[in-house]
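The values are calculated or read from the model by the stated rules, or taken from the named source; none is laboratory data. Quick caveat: nothing in here was measured; it's all calculated off a predicted structure. Cβ placement follows ideal geometry from the backbone for every residue including glycine, while neighbour counts extend to all protein chains displayed. For accessibility, only protein heavy atoms count, side chains too; no ligands or nucleic acids. Shrake-Rupley method; radii C 1.70, N 1.55, O 1.52, S 1.80 Å.
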2 protein chains.
Amino acid sequence: MNKAREFDQSVLAELKALLGDRVSTSAAVREHHGKDESYFPYAPPDAVVFLRTTEEVRDVVNICRRHRVPMIPYGVGTSLEGHILAIRGGVCIDMSRMNQVLAVHEEDLDAVVQAGVTRKQLNEYIKHTGLFFPIDPGADATLGGMSATRASGTNAVRYGTMRENVLSLQVVTADGRLMRLGRRARKSSAGYDLVKLFVGSEGTLGIITEITLRLYGIPESIVAATCAFDSLEGAVNTVIQTIQSGIPVARIELMDTYTVDTVNKYSKLSLPTKNLLLLEFHGTEASTKEQAEMVQAIAAEHGGGDFAWTSQAEERTKMWQARHDAAWAAKAAKPGWGMWATDVCVPISRLAECILETQKDIVANDLYAPIVGHVGDGNFHLTMMVDPSDPTYLPRAEALNDRMVARALALGGTCTGEHGVGMGKIKFLYEEHGEAMSLMRSIKKALDPDNIMNPGKIMGPIN
Amino acid sequence: MNKAREFDQSVLAELKALLGDRVSTSAAVREHHGKDESYFPYAPPDAVVFLRTTEEVRDVVNICRRHRVPMIPYGVGTSLEGHILAIRGGVCIDMSRMNQVLAVHEEDLDAVVQAGVTRKQLNEYIKHTGLFFPIDPGADATLGGMSATRASGTNAVRYGTMRENVLSLQVVTADGRLMRLGRRARKSSAGYDLVKLFVGSEGTLGIITEITLRLYGIPESIVAATCAFDSLEGAVNTVIQTIQSGIPVARIELMDTYTVDTVNKYSKLSLPTKNLLLLEFHGTEASTKEQAEMVQAIAAEHGGGDFAWTSQAEERTKMWQARHDAAWAAKAAKPGWGMWATDVCVPISRLAECILETQKDIVANDLYAPIVGHVGDGNFHLTMMVDPSDPTYLPRAEALNDRMVARALALGGTCTGEHGVGMGKIKFLYEEHGEAMSLMRSIKKALDPDNIMNPGKIMGPIN
């Protein structure tokens with residue numbers, strides 16, 4: 001355990017000498033930084049620093065490590081499993097002012113950004129180039145946070161996750177050194193893949209300060225489509241056959257009837273209240289038309305109807321905004337309730353089984369939990385709403401989540417497809433990884449022997 | 001340093017008790033296993049074991065680790081940088097009899113194989129399913145070896161490298177434990193990415209025994225094309241614009257005039273003796289035709305002519321076989337000479353510059369080194385031929401390679417795009433990675449504290 005619960009005043013003095021008024025210990029600022037979008041209670045840091053440069057990150061890490069004070073990197077606080085909670089106190093390193101796009105290499109289809117740049121900010125910045133960055137978690141998260149949690153979203157089925165799209169990183173390690181991991185070359189076999197090790201390490205191995213990301217050309221034609229199914233199996237089998245046919249679908253998302261209902265109300269839409277697939281096709285005009293027709297034919301074989309498609313940017317944007325707002329729609333449907341976004345991912349052949357069993361479980365336990373899924377990847381979420389006036393509700397929700405994860409693991413899946421471990425998924429990791437957990441622990445101990453980098457996350461207590 | 005140069009006879013006795021006649025210390029077998037396709041001299045192991053099961057690998061590792069004897073996993077010996085040379089003696093673990101395809105999950109587009117299965121064997125095995133595995137280094141290497149070196153090949157521009165296509169691994173660690181890394185789910189954020197850490201670790205962290213690989217649907221239509229350019233810039237700019245336009249080209253390869261010349265002679269072809277792009281398009285009939293037409297138009301803008309395309313399987317196969325035989329073609333052009341396949345990768349915007357400077361360097365130093373490249377990735381190779389009768393030749397070749405790597409690194413590239421580090425690229429790693437090398441060393445020490453897993457590779461001497 002770290003000694004850090006009693007925050008050392010000399011740390012504060014050193015931080016203030018370095019940063020002046022960009023160090024805060026006010027209750028409001030600490031509380032704001034001690035809470036993410038998870039269901040965990042507040043755990044405020046002892047101080048928050050607002051940094052502007054990589055060198056400042058290095059200097060702050062060196063102050064903290066000399067005093068063995070925990071450090072928690074913070075983007076915009078949209079993590080979903082308690083990643084940024086300062087459960088052992090320490091210094092929260094707010095990266096949101098490190099928000100410069102440092103370079104855009106149009107010919108190489110990559111960009112270099114500071115960790116505090118958000119995904120929407122990057123896309124706005126590069127709009128004129130005809131390029132875009134596809135990874136889109138629901139929130140407008142920072143690219144540092146997205147790298148740290150190995151985020152993905154609706155485009156992953158075609159463009160991959162942060163794992164596939166981070167080419168290179170600049171990091172500050174636990175011993176206070178600044179270094180680059182990886183290079184801008186598209187591929188390399190030059191030693192251990194440290195980039196991929198840091199992507200998804202959730203601040204436990206060091207702090208990501210700069211990221212080099214892959215970009216893609218905005219397709220000439222983008223076609224969005226919806227297709228409704230009475231049965232969930234029909235929808236999922238359509239997905240399986242679409243992917244197996246090699247149709248390069250860019251997005252293929254599922255909303256169950258509950259989600260469609262809340263989304264229709266919240267976003268003022270009139271989508272058919274069934275199991276709905278939302279699709280998007282990227283390519284030339286001819287190829288997107290062909291893709292849409294092929295999927296329509298596959299869907300028809302599996303009972304899919306109401307196939308509607310559009311190449312209108314406005315309608316498309318509205319549909320995907322509605323999809324991204326599904327969590328807010330569920331919240332609006334249950335005013336005053338808490339929200340808990342769950343996250344599992346299974347091999348696609350087991351997806352229908354996993355979702356159907358989970359649906360039954362929701363009904364049997366009288367819970368309210370609309371389902372959405374990045375079904376092309378086998379990934380789905382419950383937007384589980386929690387009634388604060390019913391003391392049995394949260395325990396029942398927790399038990400449902402436990403069973404859902406157990407089910408996913410038994411089907412060859414993972415306890416988190418894209419949200420990360422944080423604090424919420426620690427208890428499932430041994431079941432998922434078995435002996436391999438000891439390798440993670442060895443790596444953590446080797447790179448952060450004092451356990452000062454976001455302690456208590458992923459690995460739980462290890463020192 | 002390991003004490004292992006004097007091979008312990010009690011190790012041999014234990015191995016024989018376990019494996020009977022599947023342990024060999026014959027000079028012929030040891031020599032065969034002490035040489036790959038690199039330019040390094042023989043370094044035979046003290047013994048070679050031929051294993052059939054994962055449990056045997058675990059048991060052999062436990063025997064060796066108790067005696068602190070080095071272990072070198074061996075597939076079919078096609079590595080190109082001395083990866084499998086037993087420079088500190090020890091036991092060569094021949095995996096080639098672990099050649100079972102254990103499972104094919106057609107709906108999930110993945111397969112589970114033992115490490116000794118070769119890429120062609122896998123593709124033959126799954127042919128009837130309509131699926132294929134795309135990664136194709138020149139040799140018919142084992143999938144264990146390809147995972148260990150993070151191999152790629154001509155299809156990487158569309159399908160990625162081994163990095164993107166290994167879902168899960170079974171490994172035996174240096175402390176003799178058998179474990180699984182990763183799961184069959186398409187994506188996961190559940191902790192450190194140990195799969196990606198082992199992919200490319202070249203046997204230095206443990207031994208890969210099983211691999212779960214992504215598969216893809218064989219496209220309905222495959223169209224191959226060639227296009228000739230007087231200038232190298234024209235060819236490379238065609239590549240850049242093709243990729244930036246988002247045309248999902250499956251292969252886009254460059255052969256310089258020297259390579260075309262040798263290939264024409266060796267494979268009895270009549271390709272235009274110019275800078276040649278070889279392309280392949282995957283999709284539906286309509287989309288491959290459209291892709292080919294789009295690239296033809298781009299090529300024409302950059303001086304590309306003689307555009308020829310075919311959907312005939314026979315012609316296509318002949319063309320790609322010729323491409324894969326480019327190294328043999330160069331060998332045939334210089335009978336009795338040695339061969340040294342070099343490998344660098346740069347951001348694509350710097351590719352023309354890097355190749356042109358290298359071409360000048362070859363001419364200025366009177367060396368024979370045809371150029372081939374996976375240009376869609378910025379990766380290229382010299383098939384450097386070495387005259388054994390000229391004592392100045394190898395040093396001049398070595399100096400050329402040094403300058404080529406320095407050039408690639410200065411342009412933001414890597415010292416190896418796909419061949420790996422082995423022994424040959426160790427000297428460039430600090431220049432490439434700087435401080436980050438210390439993280440690799442820390443990880444190596446944490447997971448293999450006695451430095452018995454393929455010692456002297458990637459990291460050089462570290463104990």
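Of all residues in the range A:406-439, those satisfying the criterion of being over 26 Å from B:Leu205 (Cα atoms), in contact (Cβ under 8 Å) with a residue 12 or more places away in the chain and more than 7 Å from every other protein chain (Cβ to nearest Cβ) are A:Ala406, A:Arg407, A:Ala408, A:Leu409, A:Leu411, A:Gly422, A:Met423, A:Gly424.
Considering only residues in the range B:189-206 that are outside any loop (DSSP other than H, G, I, E, B) and among the aliphatic types (A, V, I, L, M), the one that is surrounded by the fewest Cβ atoms within 10 Å (Cβ to Cβ) turns out to be B:Leu197.
If you go through the range B:226-258 one residue at a time, how many are assigned to a strand (DSSP E or B) and either closer than 22 Å to B:Gly160 by Cβ or among the polar types (S, T, N, Q) (or both)?
Kept after step one, since they are assigned to a strand (DSSP E or B), are these residues of the range B:226-258: B:226-229, B:251-255.
Next, only the ones that are either closer than 22 Å to B:Gly160 by Cβ or among the polar types (S, T, N, Q) (or both) stay: B:226, B:251-254.
Total satisfying the criteria: 5.
Within the group A:Gly217, A:Gly203, A:Gly191, A:Gly153, which residue is within 30 Å of B:Gly424 (Cβ to Cβ) and among the small types (Gly, Ala, Ser)?
The match here is A:Gly191.
Taking the range A:225-241 as the range and being within 14 Å of chain B (Cβ to nearest Cβ) and in contact with a Gly (Cβ under 8 Å, 6 or more places away or on another chain) as the test, the residues that pass are A:Thr238, A:Val239.
Residue by residue through the range A:440-449, note down the ones that are touching a residue at least 40 places away in the same chain (Cβ under 8 Å) and of a type in the set (A, V, I, L, M, F, W, C). It would help to see each step written out before you state the result.
Taking the range A:440-449 first, the residues touching a residue at least 40 places away in the same chain (Cβ under 8 Å) are A:443-444, A:447-449.
Scanning the range A:440-449 gives A:Ile443, A:Leu447.
Which residues, taken from the range B:311-357, are of a type in the set (S, T, N, Q) and closer than 24 Å to B:Gln244 by Cβ? It would help to see each step written out before you state the result.
Pass one, the range B:311-357, residues of a type in the set (S, T, N, Q): B:311-312, B:317, B:321, B:342, B:349.
Result: B:Ser349, single match.
A search for C-beta distances below 7 Å between a residue of the range B:310-331 that is without any contact (Cβ under 8 Å) to a residue 60 or more places away in the chain and any residue that is among the hydrophobic types (A, V, I, L, M, F, W, C) and crowded, with 16+ Cβ neighbours inside 10 Å, counting only pairs 6+ apart in sequence or on different chains, returns B:Ala322/B:Val263; B:Lys331/B:Met339. Within the range B:121-144, is there a residue that is closer than 21 Å to A:Val195 by Cβ and either among the charged types (D, E, K, R) or open to solvent by less than 20 Å² (accessible area, probe 1.4 Å) (or both)? Yes, there is a match, as at least one residue in the range B:121-144 is closer than 21 Å to A:Val195 by Cβ and either among the charged types (D, E, K, R) or open to solvent by less than 20 Å² (accessible area, probe 1.4 Å) (or both). For the range B:394-438, which positions are aliphatic (A, V, I, L, M) and under 23 Å from B:Gln359 (Cβ atoms)? Hits for the range B:394-438 are B:Leu394, B:Ala397, B:Ala399, B:Leu400, B:Met404, B:Val405, B:Ala406, B:Ala408, B:Leu409, B:Ala410, B:Leu411.
When the range B:1-41 is limited to residues that are touching an Asp or Glu at 6+ places or on another chain (Cβ under 6 Å) and open to solvent by 20 Å² or more (accessible area, probe 1.4 Å), the one that is modelled with the highest pLDDT turns out to be B:Leu18.
Kindly check whether there is at least one residue in the range A:445-461 that is open to solvent by 20 Å² or more (accessible area, probe 1.4 Å), modelled with pLDDT of 95 or more and either within 7 Å of chain B (Cβ to nearest Cβ) or assigned to a helix (DSSP H, G or I) (or both).
Keep residues of the range A:445-461 that are open to solvent by 20 Å² or more (accessible area, probe 1.4 Å), which gives A:445-446, A:449-450, A:461.
Now narrow it down to the ones that are modelled with pLDDT of 95 or more: A:445-446, A:449-450.
Adding the requirement that they be either within 7 Å of chain B (Cβ to nearest Cβ) or assigned to a helix (DSSP H, G or I) (or both) leaves A:445-446.
The answer is yes; a qualifying residue exists.
One residue stands out among those in the range B:263-285 that are open to solvent by 40 Å² or more (accessible area, probe 1.4 Å) and in contact (Cβ under 8 Å) with a residue 60 or more places away in the chain: the one that is nearest to the other protein chains (Cβ to nearest Cβ), which is B:Glu285.
Those helices (runs of 4 or more DSSP H) of the range A:1-89 in which 2 or more residues are within 30 Å of A:Trp328 (Cα to Cα) occupy A:27-32.
Of everything listed in (1) over 15 Å from the mean Cα position of the chain (by Cα); (2) away from chain A (no Cβ under 14 Å), the single unmet condition for B:Leu382 is (1). The single condition among (1) open to solvent by 30 Å² or more (accessible area, probe 1.4 Å); (2) outside any loop (DSSP other than H, G, I, E, B); (3) under 28 Å from A:Thr416 (Cα atoms) that A:Arg186 does not meet is (2). When the helices (runs of 4 or more DSSP H) confined to the range B:313-385 are screened for residues that are of a type in the set (A, V, I, L, M, F, W, C) and open to solvent by 20 Å² or more (accessible area, probe 1.4 Å), those reaching at least 3 such residues are found at B:326-333, B:351-364.
Selection over the range A:386-428 of residues that are touching a Gly at 6+ places or on another chain (Cβ under 6 Å) and part of a helix (DSSP H, G or I) gives a count of 1. Would you check if there is a residue in the range A:207-224 being facing another protein chain (nearest Cβ under 10 Å), among the hydrophobic types (A, V, I, L, M, F, W, C), under 18 Å from the mean Cα position of the chain (by Cα) and open to solvent by less than 20 Å² (accessible area, probe 1.4 Å)? The answer is no; no qualifying residue exists.
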